[in-house]
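Only one structure is covered here, and it is reproduced in the block below.
The values are calculated or read from the model by the stated rules, or taken from the named source; none is laboratory data. Since the model is a prediction, treat every value here as computed from it, not as a measurement. So basically every Cβ, Gly included, is an ideal-geometry build from the backbone, and we count neighbours across all protein chains shown.
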Amino acid sequence: MGILEKVKELLGLKELPRERVSVEPVSVYVPNVSSVQSKFIDPRYPREFLLELEKLILTNPDLAHAHQIFLDLAATDIDIFVDTDEGREEVERLNEKLNIENLARLLLSQLIINGAISVEWVVKEDLTGIEKAVRVPVSTVYFVYDEEKDEFQPYQYVPPEDPIKLNPATYKYYPLLTLDGSPYGIPPFIAAFSVVETQQAIMENLKAFAEKMGLIGFVDISVPPPQRLPGETEIEYQKRLKEYLEENAELFKEQIQKGIALHYDTTKVEYKEIAGISTSRELIDLVEQWMVSASKMQPSLLGRTTGSTETWATIAYEQFVRQLKNMQNLCKEAIEYGLKLHLTLAGAPFSELEVRFSPPPSLSPEKEAQAQKLEADRLVELVDAQLLTVEEARKELGYNPEEVD
């Protein structure tokens, strides 16, 4: 009995389909026309959100802080393993030109902001290697669904120019997360749009409030009104009262700014506290927590005191580290593709090539060191039992097999 027959028997099938049975929902809506623009698939969120997010992350303190923490902790040191001398030398030459660690940092930033890495590896004119790496703005990338090939094909569209079909051999798009039936990456901070308007409104009101009364309180000054002059009409008297108050207001404003309040005994000066300040502070804190949640961060990672337990802090940090590793894995995949393409074009032989990021800082280095020691002891036992080679054991522990004497 052949393999196919065994599979049929195992699954209780009469026949296995030899092509895809399901369909991409978007195929139903693709018009049968020659215009490429009319076939563009829209993401599940407004495309202009991508450019708005860039502005928000640059200008909103919470999002800027979250972006910087993600970037600093994800962009760790890089080690590139190639299993041949010729391959290593060629990678070193390319690294001098591209500065691969800096390129990784830029790609990670692109991923954090846009939810996808979008990079084109520009090949030398003589096809002997990679000339440079170009980050293609994610907001300019559009996809068209090819029903015959059952794949999404990327285009770059920058009006008024015509769409450019991006070459799948040199252009790569790596989404962090997608929705079913959509090729577009989902920006990690996209939920911030539901909070930012409220935050901005509160800050505007707070600014206006501070300009008028200060954040803590204000000074209440009562001055005796001037007596009405003989023959003075009511309108003239009210006008003079207004001018009198304005003159006194300017005088007291200048004095208070200098820290003094000089007045006659008949003038009453009192300090008034503003009720509800604590409530306002709580409201601001609540909106900040919403913004932190929208950026997929934990408040403690941004220096916010939340009173969480050590157990929860550990869980929160491990979740955050997992997010960082997911981002590193996509960046690793992108860079590995470019390096392999370069070595292939340059004619440098290699069988294995791997980009390795240093792990993010540990929350409990002592516990991690103990766990690593236990793992090393286990691998030593496997090597002694000849169930594992020394090279394989070193690779399991994250060391380069090539360093074995």
Are there any pairs with C-beta distances below 8 angstrom linking a residue in region 220-239 that is outside the structural domain of Glu250 (by TED's automatic domain parsing) to a residue that is modelled with pLDDT of 85 or more and charged (D, E, K, R), with the two at least 6 apart or on different chains, and if so which?
none
Scanning region 119-132 for residues that are β-branched (Val, Ile, Thr) and either crowded, with 19+ Cβ neighbours inside 10 Å or in contact with a strand residue (DSSP E or B) (Cβ under 9 Å, 6 or more places away or on another chain) (or both), which turns out nearest to Ser22 (Cα to Cα)?
Val119
Could you list, in sequence order, the residues of region 47-75 that are more than 24 Å from Asn326 (Cα to Cα) and either at pLDDT below 90 or not assigned by TED's automatic domain parsing to the domain that holds Phe357 (or both)?
Thr59, Asn60, Pro61
Kindly provide the set of residues from region 133-157 that are exposed (fewer than 14 other Cβ atoms within 10 Å of the Cβ) and within 17 Å of Ile100 (Cα to Cα), ordered by number.
Val134
Being surrounded by fewer than 15 Cβ atoms within 10 Å (Cβ to Cβ), part of a helix (DSSP H, G or I), in the same structural domain as Leu98 (by TED's automatic domain parsing) and at pLDDT 85 or above narrows it down to one of Glu333, Glu354, so name that one.
Glu333
Hits in region 54-68 (condition: in a helix (DSSP H, G or I) and crowded, with 18+ Cβ neighbours inside 10 Å):
Leu56, Ile57, Asp62, Leu63, His65, Ala66, His67
